[in-house]
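Structure first, then comments.
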């Protein structure tokens, strides 16, 4: 197991964490959209809050997939072929969501259709993302060559993976409520609605996190036979998640200007902690094998690319990542602050 393979194992999870945070609030806001934005003014506020950042946020998912393909091609082949129908549903949903963004302002006659597309295009990825992670953790049936041998799509749905999907969905919705409370005009009806919705979904996510923890460490006997190299780190990440969620809840009770930013920050840190908790719990496994699997689990040792390939990827990362981070800093600084009336009028 080379040092570069270990580095890229955690870098892939870092990219997933970036997607979980950035596109998480984006998708969560889309799920909340039909329930909190009842008129065209509120709909315009939600879209204005997401418009400058949504496309850049999705880049993290594409980058994570590309990094997995280059660094661990066997793991990429197994997951992307086994989850093919689910991945196609996610891609179709994201395409429909993007189209609804562009057509909502230009085609006012079909706005109810675009609103529905925006909601469904946000709901499906938010739910299936957690289901996919749940399958990787729980284990999937594979043959000796590492090919998925289960039932397409329906074979991915179990009580554990469904709970993982619901946990991800609850975290996304909570993040979306936090973001909209941060961006909506202070004191507006929309800001008050989403501020009230933060706490229920954070509590639901907290409860699902506790239930999943019990299922993993009690019902599933640890982490499905995986090697636990980061025992104390895992418990520190659990503690970090709990503390950040509690702090986010406490700050959410304080409705002063500026508190919404801290609510969002603590919610985001909790999301990152949950992703790295999965990474540390699975290490060095990339895709776990279910009990009925003929083939072994896919690990760093069996799926890693050559050290030369990983070295080249590291050089490219060191060159490209700073530009991506600078882009995000510029975009978020340029469009910081709450949505203004003139911004809504522009829609």
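Throughout, read-outs are computed from the coordinates displayed, never taken from laboratory work. What you see is a predicted model, and the numbers here were worked out from it, not measured in a lab. Here the Cβ is made from the backbone with ideal geometry for all residues, glycine too, and neighbour counts use every protein chain on show.
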**Item:** Gyration tensor (alpha-carbon) shape descriptor, region 90-244, a/c threshold 1.5
**Value:** oblate
**Neighbour-count order for 282, 313, 215, fewest beta carbons within 10 angstrom listed first** = 215, 313, 282
**Prompt:** How far is helix 307-334 tilted, in degrees, relative to the longest principal axis of the Cα atoms in the chain, given as a value from 0 to 90 rounded to the nearest 10?
**Reply:** 10 degrees
**Asked** Just 57, 147, 254 to compare: in a GNM of the chain, with alpha carbon springs under 10 Å, which one fluctuates most?
**Response** 254
**Asked** Hey, what did region 3-345 get for relative contact order, percent, Cα under 8 Å, at least 6 apart?
**Response** 26 percent
**Prompt:** Could you give the angle, 0 to 90 degrees to the nearest 10, between helix 159-183's Cα long axis and the longest principal axis of the Cα atoms of the chain?
**Reply:** 30 degrees
**Message:** Taking the beta-carbon count within 10 Å as an exposure proxy, list 333, 47 from fewest neighbours to most.
**Reply:** 333, 47
**Fill in**
Sorted on mean Cβ neighbours within 10 Å (highest first), peptides 16-27, 317-328, 266-277 come out as 16-27, 266-277, 317-328
**Message:** Just want the ordering: 208, 261, from fewest to most Cβ atoms lying within 10 Å of their own Cβ.
**Reply:** 261, 208
**Message:** Can you show me the helix-derived [θ] at 222 nm for the chain, built from DSSP H runs with n ≥ 4 at -39,500 (n - 2.57) apiece and divided by the number of residues, rounded to the nearest 500.
**Reply:** -26000 deg cm²/dmol
**Complete:** Taking Cα atoms, the helix 189-214 axis meets the longest principal axis of the chain at an angle in degrees (rounded to 10) of 20 degrees
